[in-house]
1. Between residue 210 and residue 146, what length comes free when the chain is fully extended (0.36 nm per residue of separation minus the Cα-Cα distance, one decimal in nm)?
2. Let's test the formula: R0 of 30 Å, r as the Cβ-Cβ distance of residue 82 and residue 136. What FRET efficiency results, to the nearest 0.05?
3. From the phi angles alone, apply the Karplus equation (6.51, -1.76, 1.60; θ = phi - 60°) to the stretch 128-136 and give each ³J(HN,Hα) in whole Hz, x where the residue is Gly or Pro.
4. Rounding to the nearest 20 debye, state how big the charge dipole of the stretch 50-170 is about its Cα centre with +1 on each Lys and Arg Cβ and -1 on each Asp and Glu Cβ.
5. Mind listing which trypsin sites (Lys or Arg not before Pro) in the stretch 135-226 are in a DSSP loop and have 15 or fewer other Cβ atoms within 10 Å?
6. With θ taken as phi - 60° and the coefficients 6.51, -1.76 and 1.60, list the Karplus ³J(HN,Hα) couplings across the stretch 187-192 in order, rounded to whole Hz; mark glycine and proline as x.
7. Say the cut-off is 25 Å between C-alpha atoms; which of 83/158; 106/138; 83/169; 83/138; 87/128; 83/165 go over it?
8. Take residue 53 and residue 71, extend 7 Å from each Cα along the Cα→Cβ direction, and tell me the distance between the two endpoints in nm.
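The values are calculated or read from the model by the stated rules, or taken from the named source; none is laboratory data. These numbers were taken from a predicted model, which means no experiment stands behind them. When we count neighbours, we look across all protein chains shown, and the Cβ atoms used for this are built from the backbone with ideal geometry, even at glycine. Calculation scope for accessible area: heavy atoms of the full protein, side chains included, ligands and nucleic acids excluded. Shrake-Rupley method; radii C 1.70, N 1.55, O 1.52, S 1.80 Å.
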Amino acid sequence: LCVAGLGVYVATAAKSYEDFFGSGSISLSYVFIGCGILICLVGFLGCCGAMRHSTFMLLMYFVFVLMLFMVQVAAIVTILVFKDDVKTQIKDAALTKLGEFGDPTKSDIATKPIDVVQKGLDCCGIEKGPVEWAASQKKATYWIRTHDNDVPDSCCVKETTNCGKNEAKATPDPAVVHTKGCETALYDYLTDNMLLIGGLGVAVAFLELFGLCGSFMLRRAILHGY
């Protein structure tokens, strides 16, 4: 249930940012939910095996929990190995959307997702903050056609029409616009929640190992007639 709950939490938190960062977080959340449900079913199998003293059920429980544990370890290793590649892909996709921001034909895939992220994470731009919206940076290629040194209203601390005018600079007014880039804001958000996720992962791993040892010892006791 804890793993399924983590999946629901990730899905809920990432849903608003799916168009910006891609569907990877959503897919990962479904994996967590699936594993959580499977663990519940396997746990039920173990309980039945213990109550009925069924060595077959206990063996199946041991095998399934061991497989789940190995899959989770493999998933963690995969995330650690490919985290830099994923980070680069996300950054490239975000910069592409930055260049398309303001284009009426790209509203759903660029303008709206960036606005959602900047409002939700209290950030502005991708890497360097508000200055990325400046014409001199040549990143927001569509936006700078009509806004030389302005940032979108979604960058503002208190959003009003044209509140970001003349704030696309290296030292913007922090009372007017958010100065942190969205890449840094996302990293800070994940770091703040890492303790919760890590603690939950350790607890689940401990319970799985406890279940493995318990089922092995109980099956051994039944086989030897204890």
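1. Working: separation 64, 0.36 × 64 = 23.04 nm, distance 6.27 nm.
Full-extension gain reported as 16.8 nm.
2. Working: r = 34 Å, r/R0 = 1.15.
That pair, residue 82 with residue 136, gives E of 0.30.
3. Calculated HN-Hα couplings, in order: 9, x, x, 4, 5, 7, 6, 4, 5 Hz.
4. Values: 15 positive and 15 negative charges, 55 e Å.
Rounded to the nearest 20 debye, it is 260 debye.
5. Numbers: sites: 138, 139, 145, 158, 165, 169, 180, 219, 220; in loops: 138, 139, 158, 165, 169, 180.
Loop-located and lightly packed - 138, 158, 165.
6. Coupling constants for the stretch 187-192: 4, 4, 5, 5, 5, 4 Hz.
7. Numbers: 83/158 34 Å; 106/138 18 Å; 83/169 31 Å; 83/138 28 Å; 87/128 16 Å; 83/165 36 Å.
Where the Cα-Cα span goes over 25 Å, the pairs concerned are 83/158; 83/169; 83/138; 83/165.
8. Taking the simple label geometry, residue 53 and residue 71 are separated by 3.3 nm.
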